[in-house]
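Structure record follows, encoded as structure tokens.
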Amino acid sequence: MSSKPKRKFTTVSIPKTLFEKIKDRIKNTGFSSVSDYVTYVLREIFAEKQQQQSSEQAFSHEDEKRVKERLRALGYLD
Amino acid sequence: MKMNQAHGGSLVSRILSETASNKLKEQASEYPTITISSSIADIVQNIGHGVLSPLTGFMTEAEVNNVLDDMRLLSDTPWTIPIVLDVKEANDFSVDDEVVLSTDGAPVAALSIEEIFKLDQRQFSQQVFGTQDSKHPGVARVHAMGKTLLGGKLSVIPSPPKKFAEVTLYPLDTRILFKTKGWRTIVAFQTRNPPHLGHEYVEKTALTFVDGIFINPLIGPKKPGDFRDEVILDAYRALMKTYFLRENSVLSILRSPMYYAGPREAIHHSIMRKNFGCTHFIVGRDHAGVGKFYHPFAAQEIFTQFPDLGITPLLFKSFFYCTKCRSIANDKTCPHPKSDHINFSGSEIRRHFKDGLIPPESLMRREVAEVIASHPEPFVT
Ligand SMILES: [Zn+2]
């Protein structure tokens, strides 16, 4: 862990007017910079989208049958 | 009805099929073997069963550094505690080696070594625990670790636990359980202690707003003076039998070491519960703290840094008994001065049991207290 790579940032462009609006908005909040705020908002939106796109069910019917049997045997299900 | 997805997008399984497991067991002696502690063996099973999704093995150096510096995996997914395998000697292994991990003389997994790198104890301790003070139990453990770390993917032999098998559930089990019960919103409660009334009120307050509660004691290495695992379980069974509804509460254990990493560990605990299918996670005062190493509410404040965590923290201040309200209350619900309050002090409760007494019913349910008192030695000695 000695030769650690530096944290990588890159630049995206946003309209100057939007930048000013955000700068104004984050005054007296926990956000220390427009970059921090934009990162936060983008992560939030990404997480929401990912959750919406997740599939209905991640396990097979065989799994379900086998697990339910065990859950019944252990008293978790009637 | 949609279930909360696993951390990073999908539930990991690194569990070998029965045939592959048998083959690995037969051929284990042909591979170099690393003997691991029971605590690392728990982590191996957890990775295998997706408790630590999206991890598929032990972290490589870039991943560890990213977690230490940014509290995120290289995929930008929130992650706060490096999950690493340490060994004493680097020379015994090479990259691309397949090694067998074994505990108590039995193989438990195969590890494909992707990377061999050095542990930076100072950086690890400072970033994870915010201190390098060896009085901190997490720092002390980092100091005791081998200086070399092995990163790589695991293939895990499923090993049914020797103890508490009847309350051992993994994420696939709980996801199917919650689905079958028709629960859409589930709050998880992390604990290492038998429940007093303060715990019960936190749990029930949270439960009021969701479909079900998942009470999930952490079972792992203990310090002398801690309540024994079986005592914690029996105490919860006694509480839930009389004071919880069976249709909206579930008790199951999680085998995982405590790091005492306070805020970072609060995030780690919530990620594991998200993988079990929970949507909410209770965070109280000084969650996963030790001594005076963390601000009592640091473990709550850290959640503001993770808008993409995918599980909602329910932040609680401490409950107490108010002699004026004549009920359990907290700072938000009780207008009376502190002199009217009786705190639910864990050390006070311990003291009662150590003196061979039973804590008063204003602190702990009689049924719970009696079950604890009936154990010949409730504490780890
Ligand atoms: Zn009051």
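From the list B:PRO54, B:PRO78, which residue is open to solvent by less than 10 Å² (accessible area, probe 1.4 Å), in the same structural domain as B:GLU30 (by TED's automatic domain parsing), under 21 Å from the mean Cα position of the chain (by Cα) and not β-branched (Val, Ile, Thr)?
Values: B:PRO54 fails: open to solvent by less than 10 Å² (accessible area, probe 1.4 Å).
Answer to the selection: B:PRO78.
Check B:GLY182, B:GLY212, B:GLY198 and return the single one that is surrounded by fewer than 18 Cβ atoms within 10 Å (Cβ to Cβ) and over 30 Å from B:LYS23 (Cα atoms).
Criteria check complete, one pass: B:GLY182.
If I go through segment B:320-332 residue by residue, how many of them are touching a strand residue (DSSP E or B) at 6+ places or on another chain (Cβ under 6 Å) and near the ligand (Cβ under 8 Å from one of its atoms)?
Our first condition is that a residue be touching a strand residue (DSSP E or B) at 6+ places or on another chain (Cβ under 6 Å); within segment B:320-332, this holds for B:320-322, B:328-330.
Adding the requirement that they be near the ligand (Cβ under 8 Å from one of its atoms) leaves B:322, B:329.
Residues meeting the conditions: 2.
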## Note on the structure
Counting only residues that are crowded, with 20+ Cβ neighbours inside 10 Å and free of Cβ contacts under 8 Å to residues at least 60 places away in the same chain, segment B:87-116 contains a total of 2
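Looking at segment B:121-143 only, could you name the residues that are open to solvent by 50 Å² or more (accessible area, probe 1.4 Å) and within 11 Å of another protein chain (Cβ to nearest Cβ)?
Kept after step one, since they are open to solvent by 50 Å² or more (accessible area, probe 1.4 Å), are these residues of segment B:121-143: B:122, B:126-127, B:130, B:132-135, B:141, B:143.
Within segment B:121-143, B:ARG122, B:GLN127 meet the criteria.
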## Note on the structure
Expected output for segment B:334-352 (first residue in contact (Cβ under 8 Å) with a residue 24 or more places away in the chain and away from chain A (no Cβ under 14 Å), partner part of a loop (DSSP other than H, G, I, E, B) and within 16 Å of the ligand (Cβ to nearest atom), Cβ below 8 Å, 6+ apart or cross-chain) is B:ASN343/B:SER318; B:PHE344/B:SER318
### Message
Considering only residues that are without any contact (Cβ under 8 Å) to a residue 12 or more places away in the chain and more than 15 Å from B:LEU85 (Cβ to Cβ), which ones fall in segment B:134-152?
### Response
B:SER134, B:ALA140
#### Entry: Residues located in segment B:333-360, provided they are in a loop (DSSP other than H, G, I, E, B), open to solvent by 50 Å² or more (accessible area, probe 1.4 Å) and more than 11 Å from the ligand (Cβ to nearest atom)
B:ASP355, B:GLY356, B:LEU357, B:ILE358, B:PRO360
### Summary
Per the list (1) within 14 Å of another protein chain (Cβ to nearest Cβ); (2) under 23 Å from B:HIS280 (Cα atoms); (3) surrounded by 15 or more Cβ atoms within 10 Å (Cβ to Cβ), residue check on B:ASN66 breaks on (2)
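Hey, any hits in segment B:169-177 for a residue that's more than 14 Å from chain A (Cβ to nearest Cβ) and open to solvent by 10 Å² or more (accessible area, probe 1.4 Å)? Even if it seems obvious, please write down each step before you answer.
Quick first cut of segment B:169-177, residues more than 14 Å from chain A (Cβ to nearest Cβ) only: none.
Scanning segment B:169-177 turns up no residue that is more than 14 Å from chain A (Cβ to nearest Cβ) and open to solvent by 10 Å² or more (accessible area, probe 1.4 Å).
The values are calculated or read from the model by the stated rules, or taken from the named source; none is laboratory data. These figures come from a predicted structure and were not determined experimentally. Backbone-built Cβ (ideal geometry, glycine too); neighbour counts: all protein chains shown. Accessible surface areas use protein heavy atoms only, side chains included; no ligands, DNA or RNA. Shrake-Rupley method; radii C 1.70, N 1.55, O 1.52, S 1.80 Å.
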